[in-house]
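To keep things clear, I will list the structure first and then write my remarks on it.
Just so it is clear, none of the values below were taken in a lab; they were calculated from the coordinates. Fair warning: this is a prediction, and the values are worked out from it, not measured in the lab. Neighbour counts are summed over all protein chains in view; Cβ atoms, including those assigned to glycine, are modelled from backbone coordinates with ideal geometry.
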Amino acid sequence: MFIRLISVVLATVLLSFHLFMGSATAVELDEATRTVKLNEAGDTIVISPEQLKKGKKLFQDTCAQCHAGGVTKTNQNVGLEPEALAGAVPARDNIEGLVAFLKEPKTYDGEEDISEIHPGLKSADIFTEMKNLTEDNLKEISAYILIQPKVVGTKWGGGKIYY
């Protein structure tokens, strides 16, 4: 009986601690973690906690259906991890590169328009989730994508290994 009582008390304390502490949020991320490349020239920008929070929600609402965890469900060879984004032409490992891609999606080598098969502002009539996205929204989504490897490590874009 005494062991059961201790177990109940311990469980209650742990659950209460979890409720009050929660998980890491954008506010808790330091400035270094929220600093990302702005362009191919290497300029950087610090993303605010509000922008990151909004980017997460927009990513979940608009992109996560095909890119959960940074993978690309339709092509497991190319995910949203930094190395894959840097290898695209033009590079997509920066805010401006990702925003350009989200406006007018092109193949990994940058040669062909893929707006009919990948959501983008250019194809908002086909992919209606893109219709209401603003330039700022595209930057917020891009920032979220670029910060995730710093938060979750190699699991971001890890593909079938993790998901």
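A few points about this structure:
- Burial order of peptide ranges 34-42, 55-63 (average beta-carbon count within 10 Å, highest first): 55-63, 34-42
- Greater than 18 Å apart at Cα, pairs in Lys37/Lys131; Lys54/Lys139; Lys56/Lys139; Lys53/Lys122: Lys37/Lys131; Lys53/Lys122
- Rg/Rg_globular for segment 65-122, with Rg_globular taken as 2.2 N^0.38 Å and Rg from C-alpha atoms: 1.02
- Sum of side-chain charges, Ile126 neighbourhood, beta-carbon under 15 Å (Lys, Arg +1; Asp, Glu -1): -2
- Estimated translational D of segment 34-163 in µm²/s (Stokes, Kirkwood radius over Cα pairs; 10 °C; 1.306 mPa s): 109 µm²/s
- 13 Å tail of the calculated P(r), segment 32-90, as % of Cα pairs: 71 percent
- For segment 71-142, a crude dipole built from +1 on the beta carbon of Lys and Arg and -1 on the beta carbon of Asp and Glu, taken about the Cα centre, is about 160 debye to the nearest 20.
- The phi torsions of segment 32-44, fed into the Karplus equation with coefficients 6.51, -1.76 and 1.60 and a -60° offset, translate into couplings of 4, 5, 8, 8, 10, 5, 8, 8, 5, 5, x, 4, 10 Hz, rounded to whole numbers, with Gly and Pro shown as x.
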